[in-house]
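The values are calculated or read from the model by the stated rules, or taken from the named source; none is laboratory data. Keep in mind that what you see is a predicted model, and the values were worked out from it rather than measured. Here Cβ is always computed from backbone atoms with ideal geometry, including for glycine, and neighbour counts include all displayed protein chains.
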Amino acid sequence: MTLGNVEKEFTAAKYQQDELHIEQTALSKIADAVGTPAYVYSKSYLTDQYNLLSEALSSTPHQIHYSVKANSNLAILALFKSLGAGFDIVSAGELSRVLAVGGDPKSVIFSGVGKSVEEINFALKAGIGCFNVESRGELLRIMAQAELLGCVANVAIRVNPNVDAKTHPYIATGLKENKFGVTKEEAFALYLLAADHPAINLTGIDCHIGSQINEPEPLLQALTSILELRDTLEKEGISLQHIDLGGGFGVRYQDETPLDINDWGASVGQILGGRDLQLRIEPGRFLTANAGVLLTRVEYLKIADEPDHKNFAVVDAAMNDLLRPSLYQAWHEVLPVEKSSNAQPLEWDIVGPICESGDFLAKQRSLALAEKDLVAVLSIGAYGSVLASNYNTRGRAPEVLVDGAEFKVVRRRETIQDQLRLELKLELDQAGH
Ligand SMILES: *Cc1c(COP(=O)(O)O)cnc(C)c1O
């Protein structure tokens, strides 16, 4: 195996005898069994990432709340639950998923700027652990609903610390121009407002500054910033039990140097400085991104007939299966499932069948490809399947969880009947009545 390939093995996908595997299972075997496209995840990679993070924080009392929105498959939720995770949710639907796998409602944190009355009531009745409140209006709404239901809502205020996470603008959330959280001044006012309210129990303070953060400074700045507010509140007689740093821990997709999670964990411990506080984090991408590949097959090769034209490899996966390249210009590694030694590589744009020029998975990749070849798009375990749509009436691809030499289909392929059954076929005469 060449050095280049060893270097690329930072994900769950690895070559064994020139065949790409997840754990001890050849991806070609999965393609034979479930067809393509398909999302394939490694159980051991997910487990290892969870343990890595937990160990990085071992000297700090902490709880990991898996951010369900990164990958909400029930099997993955069940796995993280078994490892001891709580959950961070952003909708009633995600709460239902957690409850469906027997997750403890008390381990659930509810984030998001647009919680509806119905969602708040559902979460209050379920008895969730904490609402991360993102506005004054939301706080007032939670107070009113908790009073009506005769219960007490646990609340943390999400502070927007106005630090630059140095990430893609669509996934930065901690600048004052973003819609998330409230300023420190407003947070202080909201804590005072809620302090003596019988239906509110102020348990913590929260921030989340963005996603795919690979430098420790913004995360540590945010921590220092909200800790100041926590200490000020303490002096006001408002005592909080937890500090929630959100998620956003970056991973390697291409050649990034990802956040050193152990250094970060040590710095967090130092900054907390023995305060009597539980640390909470809400990782999504860090736990799941590199655990998964999107398995797809080449349908057609369109070779440029003029020197300044591009070569297109049309594959059976599309932007409806993996939106990140189209949405964020995200870069995902693409590897052949079977390495062929004799074929000449060409430069390809890897595109899907959808009728949009924005439908691409990768651009300008040097690969030796033939029609019917299987290729794997790497690092799709986070914000892959969850962003899938039915655009062009394409069924959502199945999800497969690999465990050693075995694998399970943890979401079957969506059929055309699955899609049509939600719709009404109007019976009309020729005049359209
Ligand atoms: C999306 C999100 C997360 C997870 O972000 P990652 O970058 O996937 O770790 C955590 N908390 C909140 C509030 C979020 O919106």
task: Scan the stretch 156-176 and give yes if some residue there is under 24 Å from Ser96 (Cβ atoms) and more than 26 Å from the chain's Cα centre (by Cα), otherwise no.
output: no
message: Criterion first (outside the structural domain of Ile243 (by TED's automatic domain parsing) and either over 26 Å from Ala388 (Cβ atoms) or not aliphatic (A, V, I, L, M) (or both)) does Leu79 satisfy it?
response: no
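Looking at the stretch 95-103, can you tell me whether even one residue there is within 28 Å of Leu233 (Cα to Cα) and either surrounded by fewer than 22 Cβ atoms within 10 Å (Cβ to Cβ) or not assigned by TED's automatic domain parsing to the domain that holds Val409 (or both)?
Within the stretch 95-103 (the criterion being within 28 Å of Leu233 (Cα to Cα) and either surrounded by fewer than 22 Cβ atoms within 10 Å (Cβ to Cβ) or not assigned by TED's automatic domain parsing to the domain that holds Val409 (or both)), the answer is no, since none of the residues qualifies.
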task: Could you please give the count of residues in the stretch 271-292 that are buried (at least 19 other Cβ atoms within 10 Å of the Cβ) and either free of Cβ contacts under 8 Å to residues at least 24 places away in the same chain or among the β-branched types (Val, Ile, Thr) (or both)?
output: 2
Wholly enclosed strands (runs of 3 or more DSSP E) of the stretch 196-308 bearing at least 2 residues outside the structural domain of Ala370 (by TED's automatic domain parsing): 200-206, 242-244, 278-281
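Modelled with pLDDT of 95 or more, polar (S, T, N, Q) and more than 16 Å from the ligand (Cβ to nearest atom): is that true of Thr257 in this structure?
Judged against the criteria, Thr257 is not a match.
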query: Say we look at the stretch 268-315 and pick out the residues that are away from the ligand (no atom under 16 Å from the Cβ) and among the acidic types (Asp, Glu); which of these is nearest to Gly86 (Cα to Cα)?
result: Asp276
query: Hey, among the residues in the stretch 25-43 that are touching a Leu at 6+ places or on another chain (Cβ under 7 Å) and in a helix (DSSP H, G or I), which one's surrounded by the fewest Cβ atoms within 10 Å (Cβ to Cβ)?
result: Ser28
field: Matching residues in the stretch 207-227 - criterion: being more than 15 Å from the ligand (Cβ to nearest atom), surrounded by 13 or more Cβ atoms within 10 Å (Cβ to Cβ) and closer than 24 Å to Tyr191 by Cα
entry: Leu220, Gln221, Ser225, Leu227
- prompt: Does Ser107 count as in contact (Cβ under 8 Å) with a residue 40 or more places away in the chain, surrounded by fewer than 22 Cβ atoms within 10 Å (Cβ to Cβ) and touching a helix residue (DSSP H, G or I) at 6+ places or on another chain (Cβ under 9 Å)?
  reply: yes
